[in-house]
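Remarks on the structure that follows.
The values are calculated or read from the model by the stated rules, or taken from the named source; none is laboratory data. What you see is a predicted model, and the numbers here were worked out from it, not measured in a lab. Virtual Cβ from ideal backbone geometry, glycine too; neighbours counted across all protein chains shown.
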Amino acid sequence: MAPTSSPVRIGVIGLGQWGPNHVRNLRMVEGCEVARVCDSSASRVALARRQFPGIEATRDTRAVTDAPDIDAVVVATPVASHFPLVRRALEAGKDVLCEKPLALNSAQARALCAVARKRRRILMVGHVFLYNPCTLHLKRAIDRGTLGRIYYMDAVRTNLGPVRSDVGVVFDLASHDISIFNFLLGSRPESVSAVGGAFLQRGIEDIGFLTLTYPRGVICHVHTSWLNPRKVRQLTVVGSAKMAVWDDMNILEPVRYYDKGVLQDNYSSFGEFHMILRDGAITTPKLRLYEPLLRQDQEFVDCLRSRRHPAASGAFGSEVVRVLEAARASLGRGGRMTPISYP
């Protein structure tokens, strides 16, 4: 790690969808320098040289993970390559920000966390929604008790594509919502049931439906799909006092709080309960929107300097992988409810 008076020198591996965005954002972070970028594709390396003049571009990953002039590494490659790249960077004494999910399975994820602890390195996972202003607003409302006791959450994350061949839609998209559920509730699911369908590629699901049970009886549901005519990014949170809806496609009023609920009126003379629907006002908080990826990358650099662990730590990311692993097991068992243990 560079002295605090020197710029943090970062290398970025992977120049596909997310890598160039990391490069762009990190160049905006004060006290940070993107020193080198890397990709296995010669055409992407050539494009990076045109896009980012002055930044060295290479196809050799060791020129990033093992280089003595690199302090930290961002890994934005397909998930199958996360484990060897992150482990090599950590063992070389680098701090690492790895895109989600951290690894293909929980054994790999735990091993990476162990290396990070042994080497005293920062390991962060790109669960970018933990740095989204809407997620943070909902988190504050839940923690203050504004919504009352949380009953359930329902998430929809659909689109037509992009279709991947390395992992299915559950590993790709549901990882977002699992991270959001865990963050908002401050807990981990105890069991999961998952069903899905592989219509486009054999053995790789392109639709998935997950039901997760959390402590205190909270139920969370996720609908994911690469095979849907509409792009939907929506989360509904239902509590005993209020309800909330976050529509990530609505840039004007992304979060709405509904003063709605059901009251129990006890008719003592008959010994029966009568349910009364309460329909109150709808409020839309004024949010200051910003790019969550920029906030996440800023957090990474801040953690490198302060040596504190981020919210999206390796441990947090490892727990998400454990849930995904259990969901994959449930998929193979026809949707059987699968208990989740956390070694």
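Results for (1) in a strand (DSSP E or B); (2) crowded, with 21+ Cβ neighbours inside 10 Å, shown as yes or no for each residue.
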site	(1), (2)
MET124	yes, yes
LEU136	no, no
ARG140	no, no
MET153	yes, yes
ARG157	yes, yes
SER165	no, no
ILE180	no, yes
- Among THR213, THR224, which is more than 25 Å from ASP279 (Cβ to Cβ), crowded, with 20+ Cβ neighbours inside 10 Å and β-branched (Val, Ile, Thr)? THR224
- Task: Would you check if there is a residue in the range 290-299 being surrounded by fewer than 19 Cβ atoms within 10 Å (Cβ to Cβ), basic (Lys, Arg) and in contact (Cβ under 8 Å) with a residue 24 or more places away in the chain?
- Result: yes
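Taking the options ILE207, ILE219, name whichever one is β-branched (Val, Ile, Thr), in contact with a Leu (Cβ under 9 Å, 6 or more places away or on another chain) and over 22 Å from LEU136 (Cα atoms).
When all the criteria are applied, what remains is ILE207.
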- Hey, any hits in the range 258-270 for a residue that's touching a helix residue (DSSP H, G or I) at 6+ places or on another chain (Cβ under 9 Å), part of a loop (DSSP other than H, G, I, E, B) and either at pLDDT below 95 or under 30 Å from ASP95 (Cβ atoms) (or both)? no
- Could you look through the range 182-210, keep only residues that are hydrophobic (A, V, I, L, M, F, W, C) and in contact with a Gly (Cβ under 8 Å, 6 or more places away or on another chain), and pick out the one that is surrounded by the most Cβ atoms within 10 Å (Cβ to Cβ)? ALA194
- Note on the structure: Of (1) farther than 20 Å from SER306 by Cβ; (2) touching a residue at least 60 places away in the same chain (Cβ under 8 Å), ARG144 satisfies every one except (2)
- Item | Unmet criterion (only one of (1) closer than 25 Å to SER240 by Cα; (2) of a type outside the set (A, V, I, L, M); (3) in contact (Cβ under 8 Å) with a residue 60 or more places away in the chain) for LYS139 | (3)
- Query: Among the residues of the range 199-257, which ones are of a type in the set (Ser, Thr, Tyr) and assigned to a strand (DSSP E or B)?
  - Reply: THR211, THR213, THR224, SER225, THR236, TYR257
- Item | Qualifying residue in the range 8-22 (condition: assigned to a loop (DSSP other than H, G, I, E, B), in contact (Cβ under 8 Å) with a residue 12 or more places away in the chain, in contact with a Lys or Arg (Cβ under 6 Å, 6 or more places away or on another chain) and under 27 Å from TYR290 (Cβ atoms)) | yes
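Conditions tested, residue by residue: (1) in contact (Cβ under 8 Å) with a residue 12 or more places away in the chain; (2) under 17 Å from the mean Cα position of the chain (by Cα).
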{"position": "LEU160", "(1), (2)": "yes, no"}
{"position": "GLY168", "(1), (2)": "yes, yes"}
{"position": "ASN182", "(1), (2)": "yes, yes"}
{"position": "VAL192", "(1), (2)": "yes, no"}
{"position": "ARG202", "(1), (2)": "no, no"}
